[in-house]
1. Relative contact order, percent, of the range 132-265 when contacts are C-alpha pairs under 8 Å separated by at least 6 residues?
2. Choose one of GLN272, THR484, LEU327: the residue whose Cα lies farthest towards the positive end of the charge dipole of the chain (beta-carbon charges +1 Lys, Arg; -1 Asp, Glu; about the Cα centre).
3. Counting only DSSP beta bridges with both residues in the range 50-338, tell me the antiparallel percent, nearest 5.
4. Relative to the Cα centre, what is the charge dipole magnitude of the range 50-338, using +1 at the beta carbon of each Lys and Arg, -1 at the beta carbon of each Asp and Glu, and rounding to the nearest 20 debye?
5. Loop-only GluC sites (Glu not before Pro) in the range 427-519, please: DSSP not H, G, I, E or B, and at most 14 other Cβ atoms within 10 Å.
6. Please list, by residue number, everything in the range 184-220 whose backbone N is under 18 Å from a paramagnetic label point 7 Å out along Cα→Cβ of THR120.
7. Rounded to whole Å and sorted largest first, list the principal axis extents of the Cα atoms in the range 254-299.
8. Relative contact order for the chain: what percent, with Cα pairs under 8 Å and sequence separation of 6 or more?
Amino acid sequence: MIKMKSALILLVVVLALCVCCTRSATDSTGTTSIGEFREQYRPQIHFSPKAAWMNDPNGMFFLDGEYHLFYQHYPDSTVWGPMHWGHAVTRDLVHWEHLPVALYPDSLGYIFSGSAVVDTQNTSGFGSKENPPVVAIFTYHDARGERAGRNDFQSQGLAYSIDKGRTWTKYDRNPVLKSPGIRDFRDPKVSWIDEAGQWIMTLAVTDHIEFYGSPDLKAWTKLSDFGRNDGDHGGVWECPDLFRLVDQNEESRYVLLVSINPGAPNGGSGTQYFIGDFDGKKFTSDTSPRNAGWIDYGTDNYAGVTWSGIESGDRRRVFIGWMSNWLYAEVVPTGAWRSAMTVPRTLTLERLEGRHILRSEPVGELDQLITRTAAIDSEEGAGAIELTPGDSFVLPLMIGGSMKKGDFALKISNGSSQVLEAGFNAATNTYYIDRGNLASAFHPEFGSRMTAPRNSTLDEITFVAVLDVASVELFYDDGATTMTAIAFPDEPFTTVTLDGRDGKVSVSHLLVQQLNPIW
């Protein structure tokens, strides 16, 4: 039921997490336990590990209806340690099955970030054309060599699976690419590039990207480098990704993702992107050297990469990022687990006013979680619309709509007067997220205000906000600007309001949708 009153648009959201408390989670062995995935701050629509530490997504591939997600994982602690590859799968990009750890450290080092491909032609010889292998390419990090002061402690190794990613065998001639004496030599993202007629490895090397080619995933030859004078250089470059997209005019361009730590626009770690051409050997950016884009202006989307194996017949690239920041990742106040991933996102390319931009939106598969919707249509200068959709909403929520350009604030609050605020400042033409009211003792910079430039000239602002118990993901102007932030209120958020500086917001339409938990 929608009622008219007198002040602002009010969306009252009464949390009733107890509704979920008797649900149970199913693990890879099929066993269940009451109350799993219901701890304080545990995300309800985002992937998180069952327990212990998690960071970068790794080795993501699609095969026979399953999306595989590997991730940097230390199963013995909730802080960073000797890296393993954790493993989970999903058939719908929404509901996840946790699987056993896929790759363990060995005598060559920890298992750092990397990628995985389905070798359909069996170029590696690890399987057969009838049963093609899945090949993982990762960085070995030799902690002993690092402690000894050497500069060649990172190298690239292989592992392969002939049972669709369930079990893995490490290549007996690892490493396949040794460091030439460079300390930061890591995070290989490998794909088959038609223009090259071979496998291409995109590798992060201190402050730039190096490209290598191979016919068989084993023997690698350096082709070129990119970025020494391009993009931002406030920190080490990491976790690259190279892929092709087609825009609305059927023009094809390559996108190069590069994460950087520190040096993001709002502090700490973040991910920049370049759009240009890759001729099989060399990447050339379309933009001026210092003009990289940012895939997300919030502080909490890092090291994101895309799934391999879903390019054919599907123009979208599906992306997922680590929903945290190296500024405070090890000290956030979660319990038995630490960190979550963003919701999977569809990346698309659009030509806008003579240049290309990368758009990012939640995958459509998220809609299957919608259980209830309340709507407002065409309220001009509305002051006071209260949504009471029959019975109480339960987080998580998805809120979307469009409104005339002007100041607004989406305020997510609780009974302790703690507020997470996001909105638009018309005077500066910027979006923002402000966690100042949630400032916590666990890190002095956590409560900082973050801003993002608006990347649209239209008179109307569109937005989608994905709200979970400890995060907000905002997609403005059909994903032209994205902002992600985690938050840890002392008690659960209970109210969401949409406000304007003068107490009025001109709404074209607004939807508030309750989402079912995924666990």
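Just so it is clear, none of the values below were taken in a lab; they were calculated from the coordinates. Note that the structure is a prediction, hence the values are computed from the model and not measured. All Cβ positions, even for glycine, are placed from backbone atoms using ideal geometry, and neighbour counts span all protein chains on display.
1. Contact order relative to length: 16 percent.
2. Checked the options; the winner is LEU327.
3. Roughly 95 percent of the DSSP beta bridges within the range 50-338 come out antiparallel.
4. About 640 debye.
5. GLU445
6. 190-200, 215-217
7. 34, 17, 14
8. Rounded, it is 17 percent for the chain.
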